[in-house]
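Notes follow the structure.
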Amino acid sequence: MTGDLFAIVAPVFLTAAIGFAWERSGRVFDTDFVTGIVLTVATPCLVFSSLTRLDVSLETLGAIAGSYLAVLFVLAVVGAIVIRYALRLSLPSYLPSVIFGNLGNMGIPLAFFAFGDEGLALAVAAFSIHSVAQFTVGISIHAGGVQAKQLIRTPVLWGVLLSLPFMATRTGLPIWASNTVDLLASLVVPLMLLTLGVSLGRMRIKRIRRSIGFAIARLLGGLLAGIAVAEVFGLDGIVRSVLILQSTMPVAIFNYVFALRYKREPQDVAAAIIISTIISFATMPFLLVLVL
């Protein structure tokens, strides 16, 4: 199991390290261009590809989707109260790091290794809810307010909407179209990690203690929220296990992309991503013991 976990986490660090070394070598890396491609093209393709390949009952999908949405709500409410009134910090800068975890890079592979194809399908369903929330509510938080037109123009929403007819009719794209979508979807993870590494090479961490605090808040808060929601919803079996597993992922890399775009303390967010990922790798065996 330790070897499997290392196989999941090692690519995250190694790819980010390439970006870090690229920046330190003085080479050019156009962050705006790369993040634009990821947000407007690659991510909608990833969501479409994932949704159209689900092979789980609608009742089970509804259970994992509704419960994970409840987890996000709990984290948002509790996180907002603590950040605003206890810590007196900026909600747009720090709240998204508490709410949104790294389901795409770590949650989905881990669910597959732990629970097989059914776990993978449930994790993808949670990831779809997570993605829609992050690209609507998450962007709104980062931007400090959003208009209806911005929601309509959110590319990931179109990925979800376009997938619905294919899900309803159980049909797929022609092979050439499916291969194209899959190819573009495969850009998301490596480009996000390279961008993170480049940005880490550019930044200077000034508030390491604060970043450690938010890293722990994401992991511990997600774990407690996942367990609480599972109890309230009466979940059991694999649905309960996948919910808790996905709720306890480290800070999502997209939080950094948005923090960079809207100038919301990207250095602190990047540090929280790396620290929470390291902590997550160290504590993952204990988490698996809890859910298996």
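Pairwise Cα distances in the chain exceed 31 Å in 23 percent of cases.
The percentage of C-alpha pairs in segment 121-187 whose separation is greater than 13 Å is 73%. Taking the Cα centre of the chain as origin and assigning +1 to Lys and Arg Cβ atoms and -1 to Asp and Glu Cβ atoms, the resulting dipole is close to 1260 debye.
All C-alpha to C-alpha distances of segment 41-195, sorted into 10 Å bins beginning at zero, yield P(r) values of 10, 35, 37, 15, 3, 0 percent in whole numbers.
Electrostatic bookkeeping for Leu122 treats Lys and Arg as +1 and Asp and Glu as -1; over the other residues with beta carbon under 15 Å from its beta carbon, the sum is -3. Ordered by the number of other Cβ atoms lying within 10 Å of each residue's own Cβ, fewest first, Arg88, Arg53 fall into the sequence Arg88, Arg53.
Is segment 161-272 rounded, prolate or oblate when judged by the Cα gyration tensor, a ≥ b ≥ c being the square roots of its eigenvalues, rounded requiring a/c under 1.5 and prolate requiring a/b larger than b/c? Since a/c reaches 1.5 but b/c is at least a/b, the shape of segment 161-272 is classed as oblate. Every Cα-Cα pair of segment 34-106 was included, and the share exceeding 15 Å stands at 70 percent. Under 5 Å from the amide H of Gly101 lie the amide H atoms of Ala252, each residue being 5 or more positions distant or on a separate chain, with H modelled from the backbone and absent for Pro and chain starts.
The order of Ser49, Ser131, Ser247, Ser25, going from fewest to most other C-beta atoms within 10 Å of their C-beta, is Ser25, Ser49, Ser131, Ser247. Note on the chain: helix-only mean residue ellipticity at 222 nm, from DSSP H runs of 4+ residues weighted -39500 (n - 2.57) and normalised by residue number, equals -25000 deg cm²/dmol. Ranked by how many other Cβ atoms sit within 10 Å of their own Cβ, fewest first, the residues Glu118, Glu59, Glu23 fall in the order Glu59, Glu118, Glu23. In plain terms, the chain from Ile175 to Ala80 could stretch by 29.7 nm, reckoned as 0.36 nm per residue minus the Cα-Cα distance.
Laboratory data are not the source of any read-out in this text; all were calculated from the coordinates shown. Remember, predicted model here, so these are calculated numbers, not experimental data. Counting neighbours? That spans all protein chains shown, and the Cβs are built from the backbone with ideal geometry, glycine included.
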